[in-house]
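The values are calculated or read from the model by the stated rules, or taken from the named source; none is laboratory data. Bear in mind the structure is a predicted one, so any value in this text is a computation, not a measurement. Heads up, the Cβs are rebuilt from the backbone with ideal geometry, glycines too, and the neighbour counts pull from every protein chain shown. For the accessible areas, the whole protein counts, side chains as well, though only heavy atoms, and no ligand, DNA or RNA atoms are used. Shrake-Rupley method; radii C 1.70, N 1.55, O 1.52, S 1.80 Å.
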Amino acid sequence: MGELKIFFNGKMVPGSEARVSVFDHGFLYGDGIFEGIRAYEGRVFKLSEHLDRLYDSAKSILLKIPYTREALTEAVCATVRENQLTDAYIRLVISRGTGDLGLDPNKCPEPSVIIIADRIALYPEEMYSNGLHLASVSTRRPATDVLNPAIKSLNYLNNIMAKIEANLRGLPEVVLLNHQGYVVEGTGDNIFIVKRGEVLTPPVYAGILNGITRQCVMALAADMGMPCREQNLTLHDLYTADEAFLTGTAAEIVPAVGCDGRTIGDGSVGPITTRILAAFKSYSRSTGVPVYGTNAATA
Ligand code: PXG
């Protein structure tokens with residue numbers, strides 16, 4: 001494979017030439033938004049839902065995306081095609097653009113729009129078969145009235161602070177609490193528990209990113225007749241859960257079998273997690289926006 005081609009403000013440019021200005025407010029201030037999207041077998045998974053969230057993030061921070069939804073849909077597909085990928089991880093980034101050194105976004109006339117499509121780095125199989133041990137960390141997720149986690153902004157320092165705590169403990173992922181002490185999410189994934197047959201996940205208003213995988217899991221659970229609800233969760237709820245798992249675009253569904261030294265359930269991957277994982281795998285590989293023409297079957 002040659003060099004990756006990047007969609008850069010309407011043009012396809014080689015990776016080595018795709019450079020943003022040091023005056024870009026995405027770089028100077030984290031002023032911008034992004035999406036992490038996957039393509040499976042030549043189809044972009046939940047592209048419309050990702051674009052909904054992207055346009056909502058943009059509206060919330062008063063950033064005007066200089067493309068229609070149709071144009072962005074085509075740009076995402078074109079970037080995957082240009083790199084001849086079938087399974088891909090797609091990063092769509094829209095920054096406020098180039099301005100001066102002050103933080104005023106009005107000084108940035110043109111947002112920067114970047115789409116990177118690359119091969120997906122898969123996680124080790126044992127993570128799915130054995131499950132993760134988690135820990136709660138001291139870094140809190142910001143309150144919705146401080147910096148709403150529902151906005152998928154370029155301001156990920158809070159998540160990175162928690163990731164540093166994970167690294168210091170030698171753990172792949174950790175659990176963040178909100179300022180009230182409720183469990184909200186991981187550094188880059190949502191959390192679910194299973195208790196007495198019920199599938200539970202923190203509500204959006206607790207201060208989380210409303211994950212596309214999360215939404216999909218809630219719908220799949222409902223389709224399979226599993227009771228599924230949003231509910232505030234404490235660490236006690238997580239410690240005493242029968243099962244727990246994390247959801248995110250990159251990792252899909254990862255079982256969690258322990259937290260803070262407590263064993264979750266019997267310490268093995270539970271039956272409901274296993275069913276949801278299987279349902280997600282088959283669903284994600286049988287739907288999506290076709291990148292290479294419309295003859296691929298769409299569910
Ligand atoms: N919460 C947060 C804070 C996230 O950043 C999710 C939940 C899951 O959302 P989706 O829509 O993907 O189901 C995310 C996902 C990575 C990575 O490499 C993941 C995310 C952002 C950056 C990197 O795993 N976001």
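Which whole-number value in Å³ per residue fits the convex hull of the alpha carbons of the stretch 136-290?
Details: hull volume 17.9 nm³, N = 155.
Each residue corresponds to 115 Å³ of Cα convex hull volume.
Over the chain, with every protein chain in place, what whole percent of the accessible area is carbon and sulfur at 1.4 Å, could you tell me? Walk me through the intermediate numbers first.
Working: 7610 of 13890 Å².
The C+S portion of the solvent-accessible surface of the chain is 55 percent.
Calculate for the chain the 222 nm mean residue ellipticity that helices alone would give, adding -39,500 (n - 2.57) per DSSP H run of length 4 or more and normalising by residue count, nearest 500 deg cm²/dmol.
On the way: 8 runs with 83 residues, N = 299.
Mean residue ellipticity, 222 nm, calculated: -8000 deg cm²/dmol.
Name the residues whose placed amide hydrogens come within less than 5 Å of the amide hydrogen of residue 176, ignoring near sequence neighbours (fewer than 5 apart) on the same chain.
So residue 176 has HN proximity to 184, 185, 186.
Roughly how many Å² of residue 68 are accessible to a 1.4 Å probe, to the nearest 10?
80
Go through 29, 205, 128, 182 and list them by solvent-accessible area, largest first, probe radius 1.4 Å.
On the way: 29 90, 205 200, 128 35, 182 70 Å².
So the residues, ranked largest to smallest area, are 205, 29, 182, 128.
Relative to the longest principal axis of the chain, what angle (0 to 90°, nearest 10) does the C-alpha long axis of helix 212-223 take?
Once rounded, one gets 50 degrees.
Please list 107, 46, 64 from largest to smallest accessible area, probe radius 1.4 Å, with all protein chains kept in place.
Working: 107 110, 46 40, 64 160 Å².
Sorted by accessible area, descending: 64, 107, 46.
With labels modelled as points extended 7 Å from the Cα through the Cβ direction, what inter-label distance (nm, one decimal) is found for residue 41 paired with residue 215?
Between residue 41 and residue 215, the simple spin-label model gives 2.3 nm.
Quick one: accessible area per residue over the chain, 1.4 Å probe, rounded to a whole number of Å²? Don't skip to the end; give the middle numbers.
Values: 13890 Å² over 299 residues.
Ligands and nucleic acids excluded, the result is 46 Å² per residue.
P(r) tail for the stretch 229-299, what percent of Cα pairs lie past 17 Å?
Numbers: 1380 of 2485 pairs.
For the stretch 229-299, the share of Cα pairs beyond 17 Å comes to 56 percent.
Using the alpha-carbon centroid of each, what span in Å lies between the stretch 240-299 and the stretch 77-129?
Using only Cα atoms to place each centre, the spacing works out to 23 Å.
If R₀ is 25 angstrom, what is the calculated FRET efficiency for the pair residue 232 and residue 127, using the beta carbon separation as r and rounding to 0.05?
0.35
Can you report the principal axis dimensions of the chain using only the alpha carbons, biggest first, rounded to whole angstrom?
53, 49, 31
Given the options 236, 25, 50, state which has the largest fluctuation in a GNM of the chain using a 10 Å cut-off (strictly under) for Cα springs.
Judging by the Gaussian network model, the answer is 236.
Using θ = phi - 60° and the Karplus relation 6.51 cos²θ - 1.76 cosθ + 1.60, list the HN-Hα couplings for the stretch 136-148 in order, rounded to whole Hz, with x at every Gly or Pro.
Karplus values, whole Hz, x for Gly and Pro: 8, 10, 7, 5, 9, 6, x, 5, 4, 8, 9, 8, 4.
For the chain, with a Gaussian network of springs between Cα atoms less than 10 Å apart, report the residue from 149, 111, 271 with the top mean-square fluctuation.
Comparing 149, 111, 271 in a Gaussian network model of the chain, the most mobile one is 271.
How large is the accessible surface of residue 49 in square angstrom, using a 1.4 angstrom probe and rounding to the nearest 10?
Estimated to the nearest 10 Å², residue 49 gives 60 Å².
Subtract the Cα-Cα distance of residue 71 and residue 91 from 0.36 nm times their separation in residues, and report this length gain in nm to one decimal.
Details: separation 20, 0.36 × 20 = 7.20 nm, distance 1.61 nm.
Full extension of this stretch gives 5.6 nm more.
Keeping every protein chain in place, order 23, 45 by accessible area at 1.4 Å, biggest value first, i.e. largest first. Display every interim value, and only then the final one.
Working: 23 90, 45 15 Å².
The residues order as 23, 45, largest area first.
For the stretch 125-284, what is the percent of antiparallel DSSP beta bridges, rounded to the nearest 5? Could you put the intermediate results ahead of the total?
Working: 19 of 27 bridges.
If we restrict to bridges inside the stretch 125-284, about 70 percent are antiparallel.
Express the C-alpha Rg of the stretch 124-179 as a ratio against the empirical globular expectation 2.2 N^0.38 Å, rounded to two decimals. Display every interim value, and only then the final one.
On the way: Rg = 13.0 Å, N = 56, 2.2 N^0.38 = 10.2 Å.
Taking the Cα Rg and dividing by 2.2 N^0.38 Å, one obtains 1.28.
Debye calculation, C-alpha points only, no solvent: report log10 I(q)/I(0) for the stretch 105-223 at q = 0.13 Å⁻¹, in the same order as the q values.
Summing over Cα pairs of the stretch 105-223 leads to -0.64.
Are there trypsin sites (Lys or Arg not before Pro) in the stretch 197-299 that DSSP puts in a loop and that have at most 14 other Cβ atoms within 10 Å, and which ones? Write out the running numbers ahead of the final one.
Working: sites: 214, 229, 262, 275, 281, 285; in loops: 285.
Qualifying residues, ordered by number: 285.
Mind scanning 5/152; 64/152; 59/163; 5/107; 46/152 and naming the pairs with a C-alpha gap bigger than 19 Å?
On the way: 5/152 24 Å; 64/152 15 Å; 59/163 28 Å; 5/107 29 Å; 46/152 16 Å.
Pairs exceeding the cut-off: 5/152; 59/163; 5/107.
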